[in-house]
């Protein structure tokens with residue numbers, strides 16, 4: 001009997017538009033090639049960019065304006081709901097990342113639903129996902145218990161899990177969102193999904 | 001009579017592997033949609049990255065190793081000759097850029113042949129394109145006069161042209177190699193060529 005194929009690893013930051021876009025495609029793409037996907041939330045701004053010594057991308061001269069236009073252009077081309085204006089205040093993604101890490105330990109399928117709700121709240125409804133009222137609604141709508149999350153949070157478990165996920169992602173060389181690892185091979189950016197698919201289809205080259 | 005379509009703008013740095021890869025595809029891609037391509041050499045390391053306040057990409061933690069692997073993987077997938085090892089010394093691209101800017105003013109078709117020779121010398125034959133012996137062979141093989149270049153260089157014309165091209169590229173928001181501008185719309189990276197093609201085919205969205 002053949003060994004089961006290893007899952008595709010998918011890393012994202014909740015305030016990354018391209019992470020959101022990738023989240024809408026990666027499971028179906030992997031399924032076409034008989035693969036599961038493990039989702040991991042990481043923290044670009046408060047972790048990876050510090051390791052790299054870089055400012056947030058939208059603050060970069062030249063590139064900052066480019067990526068905002070690029071995100072809007074992607075959304076139009078792929079007909080993805082995407083309403084968040086560039087002028088909106090940026091949420092801190094830490095609490096959302098913690099809730100996701102906690103949910104993933106309980107049930108990966110519920111955690112993916114939660115991630116979908118969080119992305120939608122932030123990028124479609126333009127809500128502040130750092131607020132308990134917003135995050136609580138996402139947790140509840142995903143079939144999880146907000147009370148159970150609050151209890152876990154008081155004990156520090158979600159923060160520990162997220163910290164471990166972030167440290168682990170940096171260990172694996174993850175430096176952006178979205179980021180994919182397929183059988184040890186790393187791919188950065190939503191444009192790489194077609195290369196990820198080629199890799200899965202052919203077994204690599 | 002319909003106005004002729006504006007040419008696609010293609011910006012590249014001679015020491016950018018992805019600029020090299022794009023140079024092998026962009027003209028044919030544009031031709032399929034009835035477009036010419038104007039090539040412009042710019043300077044990533046000595047100009048754009050200073051404007052952005054960034055170190056060279058291969059020196060970045062996490063991302064540096066990634067891009068080297070990504071370039072080798074692209075070359076294998078697309079069967080592009082690419083021999084230059086990551087351990088080779090990096091050439092300064094300034095003289096090559098000047099020669100290209102000078103050639104482009106004389107004859108854009110010869111300049112494209114020159115760019116092809118320079119990329120091949122650097123990425124396939126692993127030569128130092130900052131050396132007159134290497135650059136001179138590229139100029140001659142492209143049907144241009146090395147003596148004419150040396151005369152123009154002594155008068156400062158190639159340096160002026162390159163400086164103007166670099167300043168102009170920054171004005172237009174070019175921050176990486178390869179970079180494409182189609183009817184005012186900007187696209188960064190070789191992975192964006194399929195999006196450039198969609199844009200040309202549909203007229204944009």
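Just the residues that are part of a loop (DSSP other than H, G, I, E, B) and touching a strand residue (DSSP E or B) at 6+ places or on another chain (Cβ under 8 Å), please, taken from the range A:38-67.
Matches in the range A:38-67: A:42 only.
How many residues does the range B:49-63 hold that are closer than 17 Å to residue A:170 by Cα, loosely packed, with under 15 Cβ neighbours inside 10 Å and at the interface with another protein chain (Cβ under 7 Å from one of its Cβ atoms)?
Looking only at that region, the number is 0.
Give the range B:175-205 a look and list any residue that's part of a helix (DSSP H, G or I), in contact with a strand residue (DSSP E or B) (Cβ under 8 Å, 6 or more places away or on another chain) and farther than 21 Å from residue B:16 by Cβ, or say none.
Of everything in the range B:175-205, those that are part of a helix (DSSP H, G or I), in contact with a strand residue (DSSP E or B) (Cβ under 8 Å, 6 or more places away or on another chain) and farther than 21 Å from residue B:16 by Cβ turn out to be B:199, B:200.
Among the numbered criteria (1) within 14 Å of chain B (Cβ to nearest Cβ); (2) touching a helix residue (DSSP H, G or I) at 6+ places or on another chain (Cβ under 7 Å); (3) crowded, with 19+ Cβ neighbours inside 10 Å; (4) under 24 Å from residue B:187 (Cβ atoms), which one does residue A:44 miss?
(2)
Here's the yes/no breakdown for (1) without any contact (Cβ under 8 Å) to a residue 12 or more places away in the chain; (2) crowded, with 21+ Cβ neighbours inside 10 Å; (3) more than 14 Å from the chain's Cα centre (by Cα):
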| residue | (1), (2), (3) |
| --- | --- |
| B:109 | yes, no, yes |
| B:119 | no, yes, no |
| B:135 | no, yes, yes |
| B:138 | no, yes, yes |
| B:143 | no, no, yes |
| B:160 | yes, no, yes |
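If I go through the range A:69-107 residue by residue, how many of them are more than 17 Å from the chain's Cα centre (by Cα) and surrounded by fewer than 16 Cβ atoms within 10 Å (Cβ to Cβ)?
The qualifying residues number 13.
Out of the range B:68-88, which residues are in contact (Cβ under 8 Å) with a residue 12 or more places away in the chain and either within 12 Å of chain A (Cβ to nearest Cβ) or assigned to a helix (DSSP H, G or I) (or both)?
Across the range B:68-88, the qualifying residues are B:68, B:71, B:74, B:75, B:78.
Condition check: surrounded by fewer than 16 Cβ atoms within 10 Å (Cβ to Cβ), within 14 Å of chain A (Cβ to nearest Cβ) and either at pLDDT below 95 or closer than 30 Å to residue A:77 by Cβ (or both). Does residue B:205 satisfy that?
Yes.
The values are calculated or read from the model by the stated rules, or taken from the named source; none is laboratory data. Since the structure is predicted, the reported quantities are computational estimates derived from the model, not experimental observations. Backbone-built Cβ (ideal geometry, glycine too); neighbour counts: all protein chains shown.
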